[in-house]
């Protein structure tokens, strides 16, 4: 058992070093790419100055300005093009889009409206203008609602996360688990709903109030003790973070409340607070940091008589990095830590986690759909160490879990609102006690609607 633990620790160390290497490589590439784009932008500027009436050179400069995120420079160049030729609906469209990105919706509306005046406006320009004008109407409202509904079916080879064999550790000796608690496969139907409300007072600071609500309901075919209802609400303002010193950064302090029902009865509820920080480092790289503190209160019943001893506080922190390598390829990574306290210390634990992933967008095979498909592949590692031994299992040895998760997801858009998503996932948990070691395959398919 000691040798196995050492091997797992080496695997965790190698995984951590791999994540660090990925972070440094992505950051270096992002820096190199940003420097190359800045140099190309400067060259385009000088070429435009040498021949200011050349609309192709001016548009190239504006295009590079958009690419590196210098919208003001791009706007200046495009407005100069209109001085030489006012009859350019695509240029007016791009100006409207740029002012939209800057949050100047009134000016954006003026350019977009003029872009569709006349009989020679291309159909694709009219279509894009209609989309942006509709979005501007929403943005100018004080209340903005958005959300999604996702429903489908899932199969799991080990739905109850039970051990493969009944032999377990019990009361400092060997015991046998009732067969009904060992590995059981099952199907379940699920529905997940996300709703977001943004209250925007249209103040000069740009701060808004965001409310997010999540409701998840699942119904098992046979393992009904796992029938679940989960709900969570977060409420808090979002504004620019240290706006005098840091560009393209926002933060959101918020209150959190959630609940879980299992098999028709309350399992636990939480309340607390958290902070989210988001930062756009370059046009290709952005990151986020989130931390939260919540109080968990469990409800004991005949099926979970010891649940009340798990009452306690949970503190979590996580860092995410996203890097857009190309228009069709994104790399993702995260590192997290959590500390769970409980009334009885054998239920308290600390967990560290890290993961990497990739998201690929590509044309639909055999032209099955008009919109591009998206496939993501993610891998994550979790190490959990419990604070004290559990005398029900072993009075002298603390529990340690190593978990590896892998997920392959493909999303197929049907139209602007509807899409079909399939997921294949593998989970392997290796614990120093057979009681908690298990593996599970999960496959799901469902349809989602955005609104």
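For this structure, a couple of remarks:
- Computed FRET value (nearest 0.05) for residue 441 with residue 199, which takes r as the C-beta separation and R₀ as 51 Å: 0.75
- When each of the peptides 357-369, 215-227, 276-288 is scored by how many other beta carbons lie within 10 Å of its residues on average, the order from highest to lowest is 276-288, 215-227, 357-369.
- Whole-Å distance, taken between Cα centres, linking the stretch 64-93 and the stretch 130-174: 42 Å
- Length gained when the stretch residue 375-residue 180 is fully extended (0.36 nm per residue, less Cα-Cα span): 66.5 nm
- Inter-probe distance in nm under a simple model that places probes 7 Å from Cα toward Cβ, at residue 172 and residue 361: 6.1 nm
- Between residue 153 and residue 306, full extension at 0.36 nm per residue minus the direct alpha carbon distance yields a gain of 51.9 nm.
- Prolate/oblate/rounded call for the stretch 184-317, Cα gyration tensor, a/c under 1.5 rounded: prolate
- Classification of the stretch 73-198 by its C-alpha gyration tensor yields a prolate form. The axis ratio a/c (a ≥ b ≥ c) is 1.5 or more, and a/b outweighs b/c.
- Expected 222 nm ellipticity per residue - DSSP helices of 4 or more, -39500 (n - 2.57), all of the chain, to 500: -9000 deg cm²/dmol
- Estimated FRET transfer efficiency (residue 396, residue 230; beta-carbon r; R0 41 Å; 0.05): 0.70
- Segment residue 434-residue 255, extension gain: residue separation times 0.36 nm, minus the distance between their alpha carbons: 60.6 nm
- Once the Cα atoms are used to define both axes, helix 123-140 deviates from the longest principal axis of the chain by about 60 degrees.
- Spatial separation of Cα centroids for the stretch 288-320 and the stretch 224-283, in angstrom: 14 Å
- Among 120-128, 177-185, sorting by the average number of other beta carbon atoms lying within 10 angstrom of each residue, highest first, gives 177-185, 120-128.
- Crossing angle, helix 71-84 versus the chain [Cα axis fit, 0-90 degrees, rounded to tens]: 30 degrees
- Percentage, to the nearest whole number, of Cα pairs in the chain over 36 Å apart: 41 percent
- Legend: calculated FRET efficiency, residue 248 to residue 449, from the Cβ-Cβ distance at R0 = 25 Å, rounded to 0.05, equals 0.20.
- Across the chain, C-alpha contacts under 8 Å between residues 6 or more apart give a mean separation that, scaled by the residue count, equals a relative contact order of 11 percent.
- Tilt relative to the chain, helix 2-50 - C-alpha long axis, 0 to 90 degrees, to 10: 0 degrees
Readers should treat all values here as calculations from the given coordinates under stated rules, not as data from a laboratory. Computed from a prediction, not measured in an experiment: that's the story for all the values here. Note: ideal-geometry Cβ built from the backbone for every residue, glycine included; neighbour counts use all protein chains shown.
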